[in-house]
Protein chains: 2
Amino acid sequence: MSSAETPAPRKRPVQARSALTVDAILTAAAHILEGEGMEGYTTNAIAARAGVSIGSLYQYFPNKEAITAALVLADAERLYEALQAASDGSAGAPFLARLEALLDVVIAHQMERPVLARMIDMEERRLAHDPALQAVHEAGFALVRQELQSSGLSLPFGLEASTVDVFAIVLGICDTAGERGETDGDGLKARIRHAVLSYLGLRPS
Amino acid sequence: MSSAETPAPRKRPVQARSALTVDAILTAAAHILEGEGMEGYTTNAIAARAGVSIGSLYQYFPNKEAITAALVLADAERLYEALQAASDGSAGAPFLARLEALLDVVIAHQMERPVLARMIDMEERRLAHDPALQAVHEAGFALVRQELQSSGLSLPFGLEASTVDVFAIVLGICDTAGERGETDGDGLKARIRHAVLSYLGLRPS
DNA sequence: ATTAAATATGAGCTATTACTCGTATTTTGA
DNA sequence: TCAAAATACGAGTAATAGCTCATATTTAAT
C-alpha cells in the first residue's frame, strides 16, 4: 500500500520549465475568470490560454477545483503578506496610523483588479472549507486580533467578536463596492475607516 | 413573426394544479440547495424531489437558471415584504426603535434557515444582473434610504453612500455569521446594531 | 554518449446533465 | 357528452467539458 504507485495527487515541479508551466496555468486561469467569468472558465480554455497542452495541465493539477483553489490561495497569501509588511512597516506608530496602513493594503488589493477580486471572492466562499485557505484566513485574522489587542482599546464585544466584525465590515463594504463597480479608492477608504473606527468607539477625526 | 408560436419562454400556470407544481419545484430546489449544495442541484434531482416529471419542470421554467432566479427572487421579495411590514408597523416610533424593527427582520431571515440563506446569498451575487432581482434590491434600498433621510441625522457621507454602507455592514456581518455557523441571534443583533448605530454617529446605548 | 527521469502533447474517451418531444391524462367549457 | 386546452410524463438526445493515456521531446546524470 505504500510502494511507489502513480505519483497520485500530482503537482511536483522539479525543473524550472515546469514551474513556468504551473505559473502560466494560474495566470491564464485568473485572466479567464476576470474576462469571461465562470462561463469560459474551462480546463481546456485555461490550458489554451496558458499556451500549454491539456495534458500538461493535468500533470500538475489533479482536477479543475485544484486550479481554482491554488488561485484563490495565492491571492489570499499575497494579501496576507502585504498586510504583514504593512504591519511591520508601521511598527511603533500609533494605532490609528497602523490601522490606516492595513486599510490601504486591503483597498489597493481590491482596486488593483476589481473584477478578478469579485470572482475570487465568490470562489473563496465556495472553497471556504479548504484547510490551506482556512490557515491563511486564520493568519490574517490573528494579525488583526493582535492589532486590536495591543491597541489597548476597550472593545465593544470582546476581542474575538470584534475581530470577526471588523473583518466583516471591511470585506462587506469592499465587496459591495466591487459589485457596484465603484472606482473611488480614496472615498472607499474614508468610508471603511469611518465604519471601523466608529465601531471601535473611536471618534473618526 | 407575431403569430401564435410555441408559447416560448414558458411559465403560464392557468389551473390550480400547475401552480402547485411550480411551487413544489421551487420548494424542492430550496431543499436540495440547502441539503446537498450545488453538487446535487440538478434539474432532474429537483424534479424528482418535487415529485414531478422533468418534462413538467421544463414546462414552467425555460432552463435551470430560471429556477434559481425564481428562488432567489422569491426569497428577496419575502425579505423585502417583511421589512416593509416592520417599517409600517413601527410608524411613528423613534428612529432607533424603527431601526431595531428592521434589524429583527433581517436577523430572523438569516437565522430561519442559515445554510439556505448562505447558498441563496452566493447565487444572488451570480445573478446580480437580473433586472427583477435588481428591482427588489432597489426597493429595499429605497426603504432604508427613506428611513435614514427621515431620521434627520447628519449622515457621514451623504444619503446615498450611507445607505450603501449600512447595507454592506449589515449584510457583511450577517453573511460572515452564516459562514461561521453562528447561532446566537441576539448577540448577532447586538453587534450589527452597534456597528450601524456607531456608523451613523449615534452612541449605542 | 547513453539512459532514465521529467516534462509536454492532444486526440479522444466518458460521464454527466441540461433539455426535447411524442404521448398520455386531466380539466374545462359548451 | 365531448372536443380542446392544459397539464403531466419520462425515455431518450445532444452537447459540453472534465479528464486519460499512449507517445514524443527535453533535461539531467553517469
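The values are calculated or read from the model by the stated rules, or taken from the named source; none is laboratory data. None of the values given here were measured: they were computed from a predicted structure. Cβ placement follows ideal geometry from the backbone for every residue including glycine, while neighbour counts extend to all protein chains displayed.
Things to note:
- Test: residue in region A:49-71 that is more than 16 Å from DNA strand C (Cβ to nearest atom), of a type in the set (A, V, I, L, M, F, W, C) and under 28 Å from A:Thr176 (Cα atoms): yes
- Close Cβ contacts (under 7 Å, 6 or more residues apart or on different chains) running from residues in region B:62-74 that are farther than 13 Å from B:Tyr41 by Cα to residues that are modelled with pLDDT under 95 comprise B:Pro62/B:Pro9; B:Pro62/B:Arg10.
- Qualifying residue in region A:50-60 (condition: of a type in the set (Val, Ile, Thr) and surrounded by fewer than 16 Cβ atoms within 10 Å (Cβ to Cβ)): yes
- Residues that are under 20 Å from the mean Cα position of the chain (by Cα) and surrounded by fewer than 21 Cβ atoms within 10 Å (Cβ to Cβ) within region B:179-192 comprise B:Glu179, B:Arg180, B:Gly181, B:Glu182, B:Thr183, B:Gly185, B:Lys189, listed in sequence order.
- Matching entry among B:Gln110, B:Gln84, B:Gln59 (being in contact (Cβ under 8 Å) with a residue 24 or more places away in the chain, within 14 Å of chain A (Cβ to nearest Cβ) and either within 14 Å of DNA strand D (Cβ to nearest atom) or under 30 Å from B:Ala190 (Cβ atoms) (or both)): B:Gln110
- Here A:Gly37 meets the list (1) of a type outside the set (A, V, I, L, M, F, W, C); (2) within 16 Å of DNA strand D (Cβ to nearest atom); (3) touching a Gly at 6+ places or on another chain (Cβ under 9 Å) almost entirely, failing just condition (3).
- Against the test of being farther than 20 Å from A:Leu83 by Cβ, small (Gly, Ala, Ser), in contact with a helix residue (DSSP H, G or I) (Cβ under 9 Å, 6 or more places away or on another chain) and at the interface with chain B (Cβ under 10 Å from one of its Cβ atoms), the options A:Gly152, A:Gly187, A:Gly181 yield a single qualifying residue, A:Gly187.
- Scanning region A:156-169 for residues that are more than 8 Å from chain B (Cβ to nearest Cβ) and buried (at least 19 other Cβ atoms within 10 Å of the Cβ) yields A:Ser162, A:Thr163, A:Val166.
- Among the residues listed as B:Ala8, B:Ala30, B:Ala24, B:Ala4, the single one being away from DNA strand C (no atom under 13 Å from the Cβ) and at pLDDT below 85: B:Ala4
- Filtered residues of region A:190-200 (kept if in contact (Cβ under 8 Å) with a residue 40 or more places away in the chain and at the interface with chain B (Cβ under 7 Å from one of its Cβ atoms)): A:Tyr199
- Against the list (1) over 12 Å from B:Leu133 (Cα atoms); (2) touching a residue at least 40 places away in the same chain (Cβ under 8 Å); (3) surrounded by fewer than 17 Cβ atoms within 10 Å (Cβ to Cβ), the condition B:Glu77 fails is (1).
- Restricting attention to region B:38-86 and to residues that are over 19 Å from the mean Cα position of the chain (by Cα) and among the β-branched types (Val, Ile, Thr), the residue that is nearest to A:Met38 (Cα to Cα) turns out to be B:Thr42.
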